[in-house]
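One structure is given here, and the rest of the page talks about it.
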Amino acid sequence: MKRKTCYILPYLVFGVSALLPARAFTQTQPSQSGVSINHVQINRVRDSVRIAFDFNFDNLQLRSNRSLVLQPFFKGDGGDQWLPAVEVMGRRRYLYYLRNDLLSYAEKPYRVIKTGKDMQRQLPYAISLPYEPWMENASLYLGEDECGCGQVINMKQQPLAVADIAWHPALAYLAPKVETVKSRQLSGHAYLDFPVNKTEINPDYRRNPEELAKICATIDSVRSDNDVRIVQIHIKGYASPEGSYSSNARLAEGRTNALKQYLIDRYSLADTLFNIAFEPEDWQGFRKYVETSNLPDKEEIMQLIDSNEDIDVKERQIRARYPQSYRTLLEDCYPALRHSDYRIDYVIRGFNVDEAKQLIHTRPQNLSLNEMFAVAQTYQPGSDDFKHVFDVAVRLYPDSEVANLNAACALLEQGLTEQAKPYLDKSGNNPQAANARGVALLLQHHYDEALPLFEQALQGGVMEAKANLQILKKN
């Protein structure tokens with residue numbers, strides 16, 4: 001049967017939900033032959049597409065010696081498919097068909113029916129096709145051949161519905177907890193140089209210009225932001241093990257106070273803003289260095305470090321027993337043990353959504369996870385802006401299960417399952433994460449693996465999982 005396939009016709013577009021049956025015409029207007037179509041449904045079930053509708057022959061007009069071929073056709077961008085035809089025959093034509101086994105349609109039809117008093121007036125039509133991507137927005141047409149010439153005439157093609165069977169699985173985002181006070185910290189280590197037995201800071205001595213600049217840069221980054229208020233500055237000074245413990249205690253305390261006074265003078269800060277501590281000898285850092293070193297006497301020195309000997313005795317024994325290793329310690333280890341650890345505690349004010357939408361591009365570190373989540377709600381799920389917000393959030397809060405879950409969900413909205421996987425791995429074991437992992441498997445066509453995850457999520461109260469189960473379980 002030769003078919004014309006010119007489809008540039010004016011037609012109505014009817015939306016179809018991916019999770020519900022296709023919205024159908026209540027009843028199409030009868031064609032010239034009197035045939036109308038009811039209850040169009042287009043559904044995707046896993047890897048199949050099911051098309052169903054009803055032929056209505058109440059107004060059919062067909063002469064006894066004629067035949068009418070009803071030819072459904074499914075066409076989308078990048079593909080099309082003819083569906084099995086239904087041939088309706090007048091009484092005399094039907095008798096001819098029975099005697100000669102001759103159809104107007106060269107291929108086996110979906111069904112052959114005969115007009116008459118006992119004719120079935122409502123004929124259900126249903127067929128399942130292997131899913132192909134072009135079907136997601138395909139249109140369903142019906143062509144008619146009344147002349148018996150083997151051609152489906154353009155003017156008789158009737159648009160029935162437009163399918164939208166792309167899956168849009170439901171994802172459950174987690175709203176982060178609201179921070180009533182946004183407390184933050186910045187910390188670092190400074191390695192200041194002092195002349196032997198001195199505690200005064202010389203800003204120009206050896207490495208001091210660079211080391212002091214590190215501390216000042218940290219403080220400046222906070223003080224320059226009008227949305228931030230410093231709450232406290234912590235400084236803890238350490239000395240290295242050489243020399244007596246009492247002498248090192250004096251040096252560690254004096255040098256720590258010297259750094260505090262330097263910052264007070266530079267920034268006109270209140271003395272009460274500082275929290276000061278010191279440790280005369282950094283034996284923890286000393287042990288860590290030796291443990292990871294290649295010193296020839298490594299094991300023996302470790303035993304001395306871990307012994308219960310007096311600290312000064314241990315240091316003298318290391319120096320006396322292992323002079324070659326001790327020289328290495330003096331040059332490579334001890335300088336790093338003379339350091340000042342600092343931490344700046346500060347608070348950031350809260351922001352409304354409009355302010356947060358600006359800061360997400362300029363100073364996102366000032367936003368809480370909840371403020372970023374509020375910004376995301378102003379964008380269309382699946383959009384680039386929506387994804388960007390959650391991408392920023394997970395970069396600033398890489399250890400947060402909530403940030404990782406929401407970043408994974410934003411990627412899954414765009415079908416980016418492989419990119420979502422690292423975040424899913426860090427999303428925890430909450431029901432929302434189970435739902436998201438199920439969605440990732442669903443998009444990868446691992447249906448049987450996705451099913452128990454959706455059931456687990458639903459049991460945990462995630463109602464989005466119910467919609468996803470409908471995708472897998474729909475008949």
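Could we say that Ala252 is in contact with an Asp or Glu (Cβ under 7 Å, 6 or more places away or on another chain), of a type outside the set (Phe, Trp, Tyr) and over 30 Å from Asn352 (Cβ atoms) here? Show your work before the answer.
Working: in contact with an Asp or Glu (Cβ under 7 Å, 6 or more places away or on another chain): yes; of a type outside the set (Phe, Trp, Tyr): yes; over 30 Å from Asn352 (Cβ atoms): yes.
When the stated conditions are applied, Ala252 passes them.
Which of the following residues is in contact with a Gly (Cβ under 7 Å, 6 or more places away or on another chain) and not assigned by TED's automatic domain parsing to the domain that holds Tyr131: Glu449, Glu401, Glu418?
Step by step, each of Glu449, Glu401, Glu418 is checked, and only Glu401 is in contact with a Gly (Cβ under 7 Å, 6 or more places away or on another chain) and not assigned by TED's automatic domain parsing to the domain that holds Tyr131.
Cβ contacts < 6 Å: first residue within 24 Å of Leu68 (Cβ to Cβ), restricted to the range 121-144; second residue among the basic types (Lys, Arg) and part of a strand (DSSP E or B), any location; separation 6+ or different chain. Result?
If the second residue must be among the basic types (Lys, Arg) and part of a strand (DSSP E or B), the pairs left are Ser139/Lys75.
Within the range 224-262, restricting attention to residues that are polar (S, T, N, Q) and buried (at least 21 other Cβ atoms within 10 Å of the Cβ), which residue is nearest to Gln317 (Cα to Cα)?
First pass over the range 224-262, keeping only residues polar (S, T, N, Q): 224, 226, 232, 240, 244, 246-248, 256-257, 261.
This time we only want the ones that are buried (at least 21 other Cβ atoms within 10 Å of the Cβ), so: 240, 248, 256.
Values: Ser240: 16, Asn248: 18, Thr256: 29 Å.
Per the stated criteria, the residue is Ser240.
Kindly indicate whether any position in the range 245-252 is touching a helix residue (DSSP H, G or I) at 6+ places or on another chain (Cβ under 8 Å) and of a type outside the set (S, T, N, Q). Show your work before the answer.
The initial filter retains those residues of the range 245-252 that are touching a helix residue (DSSP H, G or I) at 6+ places or on another chain (Cβ under 8 Å), namely 245.
Keeping just the survivors that are of a type outside the set (S, T, N, Q) gives 245.
Yes: one or more hits.
Got a sec? Which of Leu95, Leu70 is buried (at least 18 other Cβ atoms within 10 Å of the Cβ) and modelled with pLDDT of 85 or more? Before you say what the answer is, go through the steps one by one.
Numbers: Leu95 fails: buried (at least 18 other Cβ atoms within 10 Å of the Cβ).
On inspection, the qualifying residue turns out to be Leu70.
Please go through the range 437-454 and pick out each residue that is over 18 Å from the mean Cα position of the chain (by Cα) and either among the aromatic types (Phe, Trp, Tyr) or surrounded by 16 or more Cβ atoms within 10 Å (Cβ to Cβ) (or both).
Tyr447, Leu451
Could you tell me which of the residues Leu192, Leu171 is over 30 Å from Leu458 (Cβ atoms) and either among the aliphatic types (A, V, I, L, M) or in a strand (DSSP E or B) (or both)?
Details: Leu171 fails: over 30 Å from Leu458 (Cβ atoms).
Going through Leu192, Leu171 in turn, the sole match is Leu192.
Within the range 431-475, considering only helices (runs of 4 or more DSSP H) that don't extend past its boundaries, which have at least 1 residues that are more than 17 Å from Thr417 (Cβ to Cβ) and touching a Pro at 6+ places or on another chain (Cβ under 8 Å)?
Working: elements: 431-443, 447-459, 464-473.
Those helices (runs of 4 or more DSSP H) span 447-459, 464-473.
Residues that are aliphatic (A, V, I, L, M) and in contact with a strand residue (DSSP E or B) (Cβ under 7 Å, 6 or more places away or on another chain): list the helices (runs of 4 or more DSSP H) wholly contained in the range 375-430 that include at least 3 such residues. Talk me through it step by step, then tell me what you get.
Numbers: elements: 384-396, 401-413, 417-424.
Filter on the range 375-430 gives an empty set.
Would you mind finding the one in Ala374, Ala356 that is without any contact (Cβ under 8 Å) to a residue 60 or more places away in the chain, assigned by TED's automatic domain parsing to the domain that holds Asn429, over 13 Å from the mean Cα position of the chain (by Cα) and crowded, with 21+ Cβ neighbours inside 10 Å?
On the way: Ala374 fails: crowded, with 21+ Cβ neighbours inside 10 Å.
Within the list Ala374, Ala356, the selection yields Ala356.
State which residue is nearest to Pro323 (Cα to Cα) when the search covers only the range 200-230 and only residues that are in contact with a helix residue (DSSP H, G or I) (Cβ under 8 Å, 6 or more places away or on another chain) and among the aliphatic types (A, V, I, L, M).
So in the range 200-230, the residues in contact with a helix residue (DSSP H, G or I) (Cβ under 8 Å, 6 or more places away or on another chain) come out as 200-203, 212, 215-216, 219, 223, 225, 227-228, 230.
Now restrict to residues that are among the aliphatic types (A, V, I, L, M): 201, 212, 215, 219, 228, 230.
On the way: Ile201: 31, Leu212: 34, Ile215: 36, Ile219: 42, Val228: 52, Ile230: 47 Å.
Across the range 200-230, the extreme among qualifying residues is Ile201.
Output the residues belonging to the range 307-328 that are under 54 Å from the mean Cα position of the chain (by Cα), surrounded by 11 or more Cβ atoms within 10 Å (Cβ to Cβ) and over 11 Å from Pro241 (Cβ atoms).
Ser307, Ser325, Arg327, Thr328
The values are calculated or read from the model by the stated rules, or taken from the named source; none is laboratory data. Note that this is a predicted model, so its numbers are computed, not measured. Please note: Cβ atoms are built from the backbone with ideal geometry, for glycine as well, and neighbour counts cover all protein chains shown.
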